[in-house]
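Okay, structure first, notes after.
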Amino acid sequence: MTTMQLPDPLRDTTRPLESALAEADAGRFTGILRITGEPGGDLRFVDGRIVAVTTGGAPGFDQQAGDRPLGAARTRLLRMTATVDGTFAIAAGWIDRCHWIATDPRVLGEEDPGYEPHWLLAETERRLAALANAGFSPYRNLLALSDFGRAERDRANGVAAEILRLADSTRSCRDLAFLLGRPLYPVTVEVGRLLTTGHLTVPTLPVDRNPATRPGTVDPALPRRRRGASGINDTLRPRPPQAAPPSTTAVDEHRAPPRRTERIT
């Protein structure tokens, strides 16, 4: 399995997730990998393959699908998008602990055959690297219209217009993603662009509106990771996100999914 090529502070925080995914892949684990932190989440495994990701950090499959009728190909693509984006959302926050929960495979089963951990790690790495120097958090920083953004709001198109319509000094990138029913990563990239062009601003002080991890919900024997160690949640003067390296998939644009190996039975 490949390792994340990330800046040292960021990689130190994501290392528990990387190790757990490598272990699941090697052991063909079935169960739930529960990640506590901000936002944290659950990765559901069947035979070492990830069949679903749920997190409070990004809209899942149901939120992205909405009430629209979906064909089989669109359903597979949307499940892949939600899985990749959910993993990015977990890694983009701070990771407290990871632990396994044994679960009946019949409860975990999905129509999609699942995704290989090393591929999911590579996609997560690509997104984290692209936003490593963005200078704002998708969770802790609230977004406000600048005077320029207010004047230009009616001229904007597409997702930019939707973001400018919803940015009201009380919402973060995560809030916007849920309101729009869109993946967190492309919303965060677009917010970074709008910050660069001066349409949006970030309040000077961070606002942490997320509850702390409840005590007693995880195994105390497992190591803790210092909150904020990655630096991605620090409030800095906004800078444009770096261009992401070319992807081998089309997850961001909702095109055809990549070819994956079949699950071993």
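Suppose we filter region 79-104 for residues that are assigned to a helix (DSSP H, G or I), in contact with a strand residue (DSSP E or B) (Cβ under 6 Å, 6 or more places away or on another chain) and within 17 Å of Leu131 (Cβ to Cβ); how many remain? Quick ask: steps written out before the conclusion?
In the first step, residues of region 79-104 are kept if they are assigned to a helix (DSSP H, G or I); the result is 79-92.
Now narrow it down to the ones that are in contact with a strand residue (DSSP E or B) (Cβ under 6 Å, 6 or more places away or on another chain): 83, 86-87, 90.
Subset that is within 17 Å of Leu131 (Cβ to Cβ): 86-87, 90.
Total satisfying the criteria: 3.
Go through region 120-154 and count every residue that is in contact with a strand residue (DSSP E or B) (Cβ under 8 Å, 6 or more places away or on another chain) and polar (S, T, N, Q). It would help to see each step written out before you state the result.
Taking region 120-154 first, the residues in contact with a strand residue (DSSP E or B) (Cβ under 8 Å, 6 or more places away or on another chain) are 120, 139, 142-146, 149, 153.
Now restrict to residues that are polar (S, T, N, Q): 146.
Number satisfying all stated conditions: 1.
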Reported set for region 54-78 where residues are in a helix (DSSP H, G or I) and under 14 Å from the mean Cα position of the chain (by Cα) is Phe61, Gln64
When only residues in region 48-76 that are charged (D, E, K, R) and out of contact with any helix residue (DSSP H, G or I) (no Cβ under 8 Å at 6 or more places or on another chain) count, which is nearest to Ala177 (Cα to Cα)?
Asp62
I'd like the full set of residues that are crowded, with 22+ Cβ neighbours inside 10 Å, of a type outside the set (Asp, Glu), more than 30 Å from Thr204 (Cα to Cα) and modelled with pLDDT of 90 or more, limited to region 101-139.
Tyr115, Pro117, Leu120
Cβ contacts < 7 Å: first residue touching a residue at least 24 places away in the same chain (Cβ under 8 Å), restricted to region 63-78; second residue acidic (Asp, Glu) and surrounded by 10 or more Cβ atoms within 10 Å (Cβ to Cβ), any location; separation 6+ or different chain. Result?
Arg76/Asp112
Only one of (1) touching a helix residue (DSSP H, G or I) at 6+ places or on another chain (Cβ under 6 Å); (2) surrounded by fewer than 21 Cβ atoms within 10 Å (Cβ to Cβ) fails for Gly27. Which number is that?
(1)
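Residues that are under 13 Å from the mean Cα position of the chain (by Cα), at least 2 per element: which helices (runs of 4 or more DSSP H) completely within region 147-194 meet that? First the steps, then the outcome.
Values: elements: 147-152, 158-166, 173-180.
Output list reads 173-180.
Quick one: which of Ala72, Ala91, Ala65, Ala58 is aliphatic (A, V, I, L, M) and farther than 20 Å from Thr188 by Cα?
Ala72
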Anything in region 23-53 that is more than 16 Å from Ile90 (Cβ to Cβ) and either part of a helix (DSSP H, G or I) or modelled with pLDDT of 95 or more (or both)? List them, or say none.
Glu23, Asp25, Ala26, Gly27
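The values are calculated or read from the model by the stated rules, or taken from the named source; none is laboratory data. It should be emphasised that the depicted structure is a prediction, and the values quoted were computed from it without experimental measurement. Cβ atoms come from the backbone with ideal geometry, glycine included; neighbour counts cover every protein chain shown.
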